1. Just to check your reading of the model, which residue among E56, E52 is among the acidic types (D, E) and surrounded by 12 or more Cβ atoms within 10 Å (Cβ to Cβ)?
2. If I ask for residues that are modelled with pLDDT under 90 and small (G, A, S), which ones from region 1-30 would you list?
3. Just one of (1) in contact with a helix residue (DSSP H, G or I) (Cβ under 7 Å, 6 or more places away or on another chain); (2) at pLDDT 95 or above trips up V33, so point out which.
4. Enumerate the pairs (first residue in region 48-69 and within 15 Å of S38 (Cβ to Cβ); second residue anywhere and open to solvent by less than 60 Å² (accessible area, probe 1.4 Å) and outside any helix (DSSP H, G or I)) with beta-carbon separation below 7 Å, excluding pairs fewer than 6 apart on the same chain, so at least 6 apart or on different chains.
Amino acid sequence: MLQKRFDNQTTSSLLQCFCEVITPGVLKFKDIVTGIHSWERNISLLETKFNERITENIKLAVLIGMLPK
């Protein structure tokens with residue numbers, strides 16, 4: 001309850017959330033499913049907390065970049 005009441009939506013936290021969505025890093029083969037779920041949670045957080053949307057084409061590009069070569 002206190003967290004909702006005193007939740008700061010600062011520029012710094014917005015930028016951190018954007019960076020986590022846009023540059024998640026390359027996943028290891030064994031971590032693909034959990035890594036994608038974590039990334040999707042970060043996208044959902046960005047949309048609900050900050051009302052920011054990432055286009056489908058950017059999501060696809062980031063997803064392909066996350067996969068192991």
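The values are calculated or read from the model by the stated rules, or taken from the named source; none is laboratory data. In this text the structure is predicted, and so the values were computed from the model without any measurement. Methodologically, a virtual Cβ is constructed for each residue, glycine included, from the backbone with ideal geometry; neighbour enumeration extends over all protein chains shown. Calculation scope for accessible area: heavy atoms of the full protein, side chains included, ligands and nucleic acids excluded. Shrake-Rupley method; radii C 1.70, N 1.55, O 1.52, S 1.80 Å.
1. Numbers: E56 fails: surrounded by 12 or more Cβ atoms within 10 Å (Cβ to Cβ).
Of E56, E52, the one residue that is among the acidic types (D, E) and surrounded by 12 or more Cβ atoms within 10 Å (Cβ to Cβ) is E52.
2. If the condition is that a residue be modelled with pLDDT under 90 and small (G, A, S), then S12, S13 are the ones that fit.
3. Looking at each condition in turn, V33 falls short on (1).
4. Listed by first residue and then by second, the contacts come to V62/P24; M66/P24; M66/L27; L67/L27.
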